[in-house]
Amino acid sequence: MPNKAIFFDRDGTLNVDVHYLHDPAEFAWTEGAVEAIRWANAHGFLVIVVTNQSGIARGYYGEDSVRRLHDWMNAELAQHGAHIDAFYYCPHHPEGRVPAYTRVCGCRKPAPGMLLRAITEHDIDPAASLMIGDAARDVMAAKQAGVRGVRYVGGSLADCVREALAS
């Protein structure tokens with residue numbers, strides 16, 4: 001039987017948006033983010049982060065920094081009885097300075113590539129899943145992947161999740 005998932009954007013949804021965040025010292029959870037993840041874990045949803053990381057293509061930091069931050073996030077969540085099941089990030093940007101990452105791709109939101117990859121790799125039922133993000137591109141990526149998208153506009157992320165699933 002396929003899994004159900006809640007896909008979360010990272011910057012501006014799970015954490016306060018700090019441009020080109022890659023250092024845990026600059027990280028701050030948004031209101032209700034930890035509670036939202038713990039709730040999703042407890043209710044049988046896979047929690048999957050899908051995040052554009054153009055700072056890699058721009059040469060501000062490398063992929064190792066992103067992976068370290070994601071490991072740090074899960075270590076922090078573990079202290080609260082929560083976890084993120086998978087992280088997907090797009091390192092590309094068409095105006096990047098690092099040639100290996102400077103291109104148009106199918107994974108940079110609003111393209112659905114990260115969601116589609118996660119759906120395949122984790123046997124996820126898109127119709128039973130939800131994508132929450134703070135930008136129109138998050139909702140557009142979700143729609144293209146067959147997942148219902150919800151725009152997070154601030155306040156408690158946990159309330160946003162529960163309200164979205166109740167409707």
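The values are calculated or read from the model by the stated rules, or taken from the named source; none is laboratory data. Given the structure is predicted, the values throughout are model-derived calculations rather than measurements. Don't worry about glycine lacking a Cβ; one is built from the backbone with ideal geometry, like all the others, and counts go over all protein chains shown. Heads up: the accessible areas ignore ligands, DNA and RNA and are worked out on the full protein's heavy atoms, side chains in. Shrake-Rupley method; radii C 1.70, N 1.55, O 1.52, S 1.80 Å.
Lys and Arg at +1, Asp and Glu at -1: add these up for the other residues within a Cβ distance under 13 Å of Lys143 and post the number.
+3
Any idea how far apart Glu63 and Cys105 come out in nm if each label point goes 7 Å out from Cα toward Cβ?
0.8 nm
Tell me which cysteines of the chain come out unpaired when the rule is another cysteine's Cβ under 4.7 Å.
So far as the 4.7 Å Cβ criterion goes, Cys105, Cys160 stand without a partner in the chain.
For n ≥ 4 DSSP H runs only, could you compute -39500 (n - 2.57) per run for the chain, divide by its residues and tell me the 222 nm figure to the nearest 500?
That comes out to -10000 deg cm²/dmol.
So the label point goes 7 Å from the Cα of Ala86 along Cα→C-beta, right? Which residues of the stretch 19-46 then have their backbone N under 15 Å from it?
In the stretch 19-46, the label zone of Ala86 (backbone N under 15 Å from the point 7 Å along Cα→Cβ) covers 45-46.
Looking at the square roots a ≥ b ≥ c of the eigenvalues of the Cα gyration tensor of the stretch 7-97, which shape do they give, rounded for a/c under 1.5, prolate if a/b is larger than b/c, or oblate?
prolate
Rounded to a whole number, what % of the accessible area of the chain do carbon and sulfur atoms account for, probe 1.4 Å?
51 percent
Could you compute the net charge surrounding His80? Neighbours are other residues with a C-beta less than 14 Å from the C-beta of His80; K and R count +1, D and E count -1.
-1
Under a 1.4 Å probe, what is the accessible area of the stretch 27-117 per residue, stated in Å²?
I get 45 Å² per residue for the stretch 27-117.
Given the C-alpha centroids of the stretch 108-167 and the stretch 1-79, what is the distance between them in whole angstrom?
14 Å
If you build a Gaussian network model of the chain, linking Cα atoms that sit under 10 Å apart, which residue out of Ala128, Ala40, Ala145 swings the most?
Ala128
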